[in-house]
Amino acid sequence: MKTLRVAKLLAERWRAQLDLLHVIPPLPSTSTLYPAMLPIAPSARRTASADLKRLKDFAFEQSVQPLPYSCTIRLGAAGEEINEIARKTSTDLITIATRGYTGLKYAFLGSTTAQVMRTAPCPVLVVREVEYLSAKERARRGRTPLGFKKVLVPLDFSECSRVGLDYALGVAREFRSSLLLFHCVVPPTYALGAGHTALAGPKLIASQQEFAQDEMENLYRELDKKSVEIEMLVGLGSPVEQINECIRRQGVDLVVTSTHGRTGLKRLFIGSTAEQIVRHAICPVLVVPNRPPRRRRENSVVKRVSE
């Protein structure tokens, strides 16, 4: 419901169409003979019909009628169906919630949000469930669900992270937000003994910090004419931990990050910083896919929001 609330406010602000989508998971497979599967189709149709009515009733209760909107029911794997609908309807933004599963629960259950993020054809706005926030944070964000006063942009100075920065500039101009550019220097690890580490480690860290500071200053000079308030910060340690600490310490309202789009074994063993940020962040996270845009628009205004 919080996600729908945010999606509705965005749709009203951008005069966009709001598409409500509910996916019914497939029935478990059966090893019995074919005749035993015959009753499944009518049962699925009845379930879909009932869920569609519930979805339309829900839309009426949430007063989305002033907006152009649609209600859709699909049967299948949630992540695949969401992205398929987004492609077919030329969706500009997907809004979705995350329960914040971590550890073994995440490993075995997976995450629909993570699946959507990996292959989404458009940016994905992930809204954190408020139950996971402190009472003070719940109260603040509950009053201003779109109060994006400070936007954090994690950077590794790659072309991929620049995609997120460009999108964040548009968000900052739209909501009159300040941008906090953040880079994290990761301490090097060695397979050698402590003597080698003691000599080389501090010098390498200092060199990385100097490089990061130079890159930040170059970005600041480049963005100085964009009419957006900009802050810069360089951290040291685990990127995800440092980003989450920065969110709490700096009062960040939104994180805008891009994803390298790793899949398969590469994603499994390397992991995804964007996914980890989404699982742990206490504020909404906007994930921008590092892929060529489906089409180019002059004003970059969102026309269709899926929830």
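The values are calculated or read from the model by the stated rules, or taken from the named source; none is laboratory data. Please read these numbers as outputs of a predicted model, since none were measured by experiment. Cβ coordinates were reconstructed from backbone atoms using ideal geometry, including for glycine residues, and neighbour counts include every protein chain displayed.
What residue, among those in the range 227-242 that are closer than 21 Å to R173 by Cα and not β-branched (V, I, T), is surrounded by the fewest Cβ atoms within 10 Å (Cβ to Cβ)?
Pass one, the range 227-242, residues closer than 21 Å to R173 by Cα: 227-233.
Add one more test, that the residue is not β-branched (V, I, T), and what stays is 227, 229, 231-233.
Details: S227: 10, E229: 12, E231: 13, M232: 17, L233: 15.
Per the criteria, the residue is S227.
For the condition under 23 Å from the mean Cα position of the chain (by Cα) and farther than 12 Å from L21 by Cα, what is the one hit in R74, R99?
Working: R74 fails: farther than 12 Å from L21 by Cα.
One residue alone meets the criteria, R99.
Do we find that P145 is farther than 16 Å from V23 by Cβ and modelled with pLDDT of 85 or more in this structure?
Considered against the rule, which asks whether it is farther than 16 Å from V23 by Cβ and modelled with pLDDT of 85 or more, P145 comes out as no.
Pairs under 9 Å by beta carbon, first residue free of Cβ contacts under 8 Å to residues at least 24 places away in the same chain in the range 83-98, partner in a loop (DSSP other than H, G, I, E, B) and among the small types (G, A, S), six or more apart or different chains?
E84/G76
Table: residues versus (1) within 20 Å of F157 (Cβ to Cβ); (2) modelled with pLDDT of 90 or more; (3) polar (S, T, N, Q); (4) under 17 Å from the mean Cα position of the chain (by Cα).
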site	(1), (2), (3), (4)
N218	yes, yes, yes, no
E229	no, yes, no, no
M232	yes, yes, no, no
I243	yes, yes, no, yes
R249	no, yes, no, no
D253	no, yes, no, yes
T259	yes, no, yes, yes
L265	no, no, no, no
A274	yes, no, no, yes
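I want to confirm something. Restricting to the range 43-69 and keeping residues that are at pLDDT 85 or above and not in a helix (DSSP H, G or I), which single residue is surrounded by the fewest Cβ atoms within 10 Å (Cβ to Cβ)?
My answer is P68.
Show the residue pairs meeting these rules: Cβ distance below 7 Å; 6+ apart or different chains; first residue within the range 206-226 and within 23 Å of A172 (Cβ to Cβ); second residue in a helix (DSSP H, G or I).
Final answer for the pair search is K226/L169.
Please state which one of S134, S90 is farther than 14 Å from L286 by Cα, of a type in the set (S, T, N, Q) and either modelled with pLDDT of 85 or more or crowded, with 16+ Cβ neighbours inside 10 Å (or both). Steps first, answer last, please.
Values: S134 fails: either modelled with pLDDT of 85 or more or crowded, with 16+ Cβ neighbours inside 10 Å (or both).
Selected residue: S90, the only one of S134, S90 that is farther than 14 Å from L286 by Cα, of a type in the set (S, T, N, Q) and either modelled with pLDDT of 85 or more or crowded, with 16+ Cβ neighbours inside 10 Å (or both).
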